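Q: Please find one structure pasted underneath; my questions will follow.
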Amino acid sequence: MSRGKKLLRNMIVLGLLLYVFLNRSSLYLNPLSAHEDSERSIHYGPSEVVHIENFEGGKYVLGKYDKWVSCNMVSKVFFFLWGFGSDPTGFENDQTKAVDYTWAAINHNFKLYGIINDDRVKKIEITLGNGKVLIQTDFYDDLFLFTWRDTLDEDWNFKNIRGYDANNNIIFEEEY
Amino acid sequence: MLMPKKERFLEEVLSYIKFPFDRENIKTELESHIVEKIDDYMEQGYDVEKAEELAINDIGDAKEIGMELNKEHNALLGWLWKITNGMVVLFIIGNLFFVGVPFFITFFSSSPINDIDKSSIVYQMDIDEQVKLDNTVIHFTNIVYQDNGELNIFFEHYDTKLWGTGWSLGTIGEITDNLGNTYRARSACSAGIKTKCIHSLDNFSKKADTLIISYDSYNRKYKVEISLQVGENDE
């Protein structure tokens, strides 16, 4: 067998082995496939992906599914593959609140995400334990997402959220 | 027998071969060809030194031969072939772990029903109820009621994609009986392609004649109702 044919044989065998490996190892060639399989295997969704944001080690996938809002994490594995992260399911939106949200911290990566139920809300502001204030005015449809990383010397936990209207009046406020 | 000209000639030819893994084969082939010619000349009456010189002259210019052989033994193709050989081996090892181990566990793990103390069984029922959640098939196989009031639900689940993996099955749903009692289950599952599980319910009502498993989460729903042998355990 010529070397060219041997190479072709190897490529075909590799393709088959890679297919089996990716399927059995829960690793994916792109982050959205990891996200979709993550949701399906936990029996949630499929959610409508509204926004994708990078973080150190992976991506946040912000989405809506029926009455739930989710921000799944998918992790980068071996430099170019993607795997399940955490938090694939969402919280149920309480439409009686002007803003509904949740937050989580996983391995120094913090996220706070939610939905704006009151159209008057034009700005979301959150305050952290160290006094740092994060503001968002450009939303993803009616969803918002704040992400940050902590350091050991400060309190980076979420403390307070406010929703403001166009005239900077507080429409929604909640302490944690 | 020392043949310095032959060695020099071979060394020069090989210096043009860029794919190092082919050099040994080329050297062996070329050397046997030269030795054959040397033998021929020696049979014709030439001494070793002259025979070696004539044989090498017959073969040709070392540079030309080296460059020609280098073209035939394409280094890029050679390296690709070598690298893909290594990758095939690596993926076979990886797949043995990711595919082989779960298959092994699936075929060799015993059902948790075998762990139940036979003398404690009040009754045992074989059931065949199957439900589906997305790609996950859940197959309820047995009910075992024990004399300590514990009701055990046995089931298997697997992914219809066969190789499919993902989050483990968190819950089979809310477990109640026809009398309105709700139960919390202690669960244990094996690993593998087909996962074998047991859910144990403490203090299951002796008067209940139906076990109800209802799943309702994120727009997925199912309800399994299993008639129990109430007469036999109702003392």
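The values are calculated or read from the model by the stated rules, or taken from the named source; none is laboratory data. Since the model is a prediction, treat every value here as computed from it, not as a measurement. A quick note on method: Cβ atoms are made from the backbone with ideal geometry, for glycine too, and the neighbour counts reach across all protein chains shown. Quick note on the areas: whole protein, heavy atoms, side chains included, nothing else; ligands and nucleic acids left out. Shrake-Rupley method; radii C 1.70, N 1.55, O 1.52, S 1.80 Å.
Q: Restricting the search to region B:97-144, which residues are at pLDDT 90 or above and closer than 18 Å to B:Ile193 by Cα?
A: Answer for region B:97-144, where residues must be at pLDDT 90 or above and closer than 18 Å to B:Ile193 by Cα: B:Gln130, B:Val131, B:Lys132, B:Leu133, B:Asp134, B:Asn135, B:Thr136, B:Val137, B:Ile138, B:His139, B:Phe140, B:Thr141.
Q: Within region A:83-92, is even one residue β-branched (Val, Ile, Thr) and at the interface with chain B (Cβ under 9 Å from one of its Cβ atoms)? Give the steps one after another, and end with the answer.
A: So the first thing to find is which residues in region A:83-92 are β-branched (Val, Ile, Thr), and the list is A:89.
Adding the requirement that they be at the interface with chain B (Cβ under 9 Å from one of its Cβ atoms) leaves A:89.
Yes.
Q: Okay, moving on. If I filter region B:142-157 for residues that are under 13 Å from B:Gly192 (Cβ atoms) and out of contact with any Phe, Trp or Tyr (no Cβ under 7 Å at 6 or more places or on another chain), do I get at least one hit?
A: So in region B:142-157, the residues under 13 Å from B:Gly192 (Cβ atoms) come out as B:156-157.
Subset that is out of contact with any Phe, Trp or Tyr (no Cβ under 7 Å at 6 or more places or on another chain): B:156-157.
The answer is yes, given that some residue of region B:142-157 is under 13 Å from B:Gly192 (Cβ atoms) and out of contact with any Phe, Trp or Tyr (no Cβ under 7 Å at 6 or more places or on another chain).
Q: A further question follows. Testing A:Ser70 on (1) more than 26 Å from B:Tyr215 (Cβ to Cβ); (2) surrounded by 18 or more Cβ atoms within 10 Å (Cβ to Cβ), one condition comes back false. Which one is that?
A: Result: A:Ser70 passes all but (1).
Q: Further, regarding this structure: Of the residues that make up region B:114-128, is at least one among the acidic types (Asp, Glu), open to solvent by 40 Å² or more (accessible area, probe 1.4 Å) and either closer than 23 Å to B:Lys221 by Cα or touching a strand residue (DSSP E or B) at 6+ places or on another chain (Cβ under 7 Å) (or both)?
A: We begin by selecting, within region B:114-128, every residue among the acidic types (Asp, Glu); these are B:115, B:117, B:126, B:128.
Next, from what is left, pick out any that are open to solvent by 40 Å² or more (accessible area, probe 1.4 Å): B:115, B:117, B:126, B:128.
Now narrow it down to the ones that are either closer than 23 Å to B:Lys221 by Cα or touching a strand residue (DSSP E or B) at 6+ places or on another chain (Cβ under 7 Å) (or both): B:126, B:128.
Yes, the conditions are met somewhere in region B:114-128.
Q: OK, next. Which of the residues belonging to region B:117-171 are in contact (Cβ under 8 Å) with a residue 24 or more places away in the chain, among the hydroxyl-bearing types (Ser, Thr, Tyr) and touching a helix residue (DSSP H, G or I) at 6+ places or on another chain (Cβ under 7 Å)?
A: Within region B:117-171, B:Tyr123, B:Tyr145 qualify.
Q: Out of the strands (runs of 3 or more DSSP E) lying entirely within region A:45-102, which hold 2 or more residues that are polar (S, T, N, Q) and farther than 17 Å from A:Phe139 by Cβ? Working first, answer last.
A: On the way: elements: A:48-55, A:58-65, A:68-77, A:81-86.
Answer list for region A:45-102: A:68-77.
Q: Another one. Of all residues in region A:10-38, how many are more than 21 Å from A:Phe78 (Cα to Cα) and either modelled with pLDDT under 95 or more than 9 Å from chain B (Cβ to nearest Cβ) (or both)?
A: Counting residues in region A:10-38 that are more than 21 Å from A:Phe78 (Cα to Cα) and either modelled with pLDDT under 95 or more than 9 Å from chain B (Cβ to nearest Cβ) (or both) gives 1.
Q: Same structure, new question: Please work out if B:Leu77 is open to solvent by less than 50 Å² (accessible area, probe 1.4 Å), part of a helix (DSSP H, G or I) and outside the structural domain of B:Tyr158 (by TED's automatic domain parsing).
A: Values: open to solvent by less than 50 Å² (accessible area, probe 1.4 Å): no; part of a helix (DSSP H, G or I): yes; outside the structural domain of B:Tyr158 (by TED's automatic domain parsing): yes.
So B:Leu77 does not fit the description; no.
Here's the yes/no breakdown for (1) in contact (Cβ under 8 Å) with a residue 12 or more places away in the chain; (2) open to solvent by less than 30 Å² (accessible area, probe 1.4 Å); (3) under 21 Å from B:Met87 (Cβ atoms); (4) not aliphatic (A, V, I, L, M):
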site	(1), (2), (3), (4)
A:Leu27	yes, yes, yes, no
A:Tyr44	yes, yes, no, yes
A:Glu48	yes, no, no, yes
A:Lys59	yes, no, no, yes
A:Asn93	yes, yes, no, yes
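Q: Looking at region A:118-138, can you tell me whether even one residue there is open to solvent by 50 Å² or more (accessible area, probe 1.4 Å) and in a strand (DSSP E or B)?
A: Among the residues of region A:118-138, at least one is open to solvent by 50 Å² or more (accessible area, probe 1.4 Å) and in a strand (DSSP E or B), which makes the answer yes.
Q: Continuing with this model, one more query. List the residue pairs whose Cβ atoms are under 7 Å apart, where the first residue sits in region B:201-220 and is within 14 Å of chain A (Cβ to nearest Cβ), the second is loosely packed, with under 15 Cβ neighbours inside 10 Å and outside any strand (DSSP E or B), and the two are 6 or more positions apart or on different chains.
A: These pairs meet every condition: B:Asn219/A:Asp66.
Q: Any idea which of (1) in contact with a helix residue (DSSP H, G or I) (Cβ under 7 Å, 6 or more places away or on another chain); (2) modelled with pLDDT under 95; (3) under 29 Å from B:Val137 (Cα atoms) is the one A:Arg3 doesn't satisfy?
A: Result: A:Arg3 passes all but (3).
Q: Provide a single number: the residues in region B:86-140 that are among the β-branched types (Val, Ile, Thr) and outside any helix (DSSP H, G or I).
A: As a first pass, look at region B:86-140 and keep what is among the β-branched types (Val, Ile, Thr): B:88-89, B:92-93, B:99, B:101, B:105-106, B:113, B:116, B:121-122, B:127, B:131, B:136-138.
From what is left, the residues that are outside any helix (DSSP H, G or I) are B:116, B:121-122, B:127, B:131, B:136-138.
Counting residues in region B:86-140 that are among the β-branched types (Val, Ile, Thr) and outside any helix (DSSP H, G or I) gives 8.
Q: Same structure, new question: Let me spell it out: the conditions are (1) touching a residue at least 60 places away in the same chain (Cβ under 8 Å); (2) surrounded by 18 or more Cβ atoms within 10 Å (Cβ to Cβ), and A:Thr147 meets all of them except one. Which number is the exception?
A: That leaves (2) as the condition not met.
Residue-wise test of (1) within 14 Å of chain A (Cβ to nearest Cβ); (2) open to solvent by less than 80 Å² (accessible area, probe 1.4 Å).
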site: B:Thr141; (1), (2): no, yes
site: B:Leu151; (1), (2): no, yes
site: B:Phe155; (1), (2): no, yes
site: B:Ser168; (1), (2): yes, no
site: B:Glu174; (1), (2): no, no
site: B:Asp177; (1), (2): no, yes
site: B:Arg184; (1), (2): no, no
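Q: State whether one or more residues within region B:48-55 are within 14 Å of chain A (Cβ to nearest Cβ) and either farther than 30 Å from B:Ile193 by Cβ or in a helix (DSSP H, G or I) (or both). Before the answer, list the steps.
A: So in region B:48-55, the residues within 14 Å of chain A (Cβ to nearest Cβ) come out as none.
No; the residues of region B:48-55 include none that is within 14 Å of chain A (Cβ to nearest Cβ) and either farther than 30 Å from B:Ile193 by Cβ or in a helix (DSSP H, G or I) (or both).
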